[in-house]
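Before any comments, here is the structure.
We did not get these values from a lab; they are worked out from the coordinates using the rules stated. Quick caveat: nothing in here was measured; it's all calculated off a predicted structure. Every residue, glycine among them, receives a Cβ derived from its backbone with ideal geometry; neighbour counts consider all protein chains shown.
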Amino acid sequence: MFSIPTILLQISSASDTTTITTSAADSLSLLDMVMKGGVIMIPIAILGFIATYFFFERYLYLNTVTKEKKEFVSSIKQYLKNADIKSARMYAAQDASATGKIIQVGLEHIGKPMKELESMMESAANIEVAEMEKNMGYLGIIAGVAPMLGFIGTISGIIHIFYNISQTDNITIGIIAGGLYEKMITSGAGLFVGVISYCAYHILQQRVNIFTLKMQKDVFDFMRSILTPES
């Protein structure tokens, strides 16, 4: 039979153990979790920095090439209506947007056969789109590689845990859970970097697609003004 003092002592001990466990869990910071992830966290962190760099580099570049002057195409059409090609070229040269560069190519080849003019402008458009999509492919690669690196880290950690169990013949929840949660940190980190890279890639790609459609409309409007300058 258990006496009342013995039961109270057990409850007190359990409470102290719970308090210690809770304090240990609360004291586990994000940095501690990252450090417990192991060596595999290094390439995942590097991929995270690379993805961040390419996203902001492309984002700033797209802000530059997609920002054209207000009423740019309308002004060019007005110059062409007045047969002032020289002023139209000077005006287009002052615009740093992708649309400005493409229309500038068209203005430089006015007077040549329409087939050649269309070919030159199409080539210029393809170059501008390729420049906008430059380095974006790396984000897609990172989105696929980072989660796989995380899984590799977790699998290798699990293998290491069961190898130690086979050597020591000591199977306890503490050993398994303690080692497993540390190794699953790599999976979480890899998935986090992968999701961020995936979202960054599609955000940039959507911006390119939207601007490409607008650019095609502006170029079509420009070509129509060449064929019918009086409109």
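Structure note, pairs LYS70/LYS134; LYS70/LYS217; LYS134/LYS217: Cα-Cα distances above 18 angstrom occur for LYS70/LYS134; LYS134/LYS217.
The ASN63 and GLU131 beta-carbon pair, evaluated with R₀ = 22 Å, returns a calculated FRET efficiency of approximately 0.95.
Extents of segment 85-145, taken as max minus min of Cα coordinates on every principal axis and listed largest first, are 51, 26, 8 Å. A DSSP coil position with no more than 15 other Cβ atoms inside 10 Å describes the following GluC sites (Glu not before Pro) in segment 52-102: GLU71.
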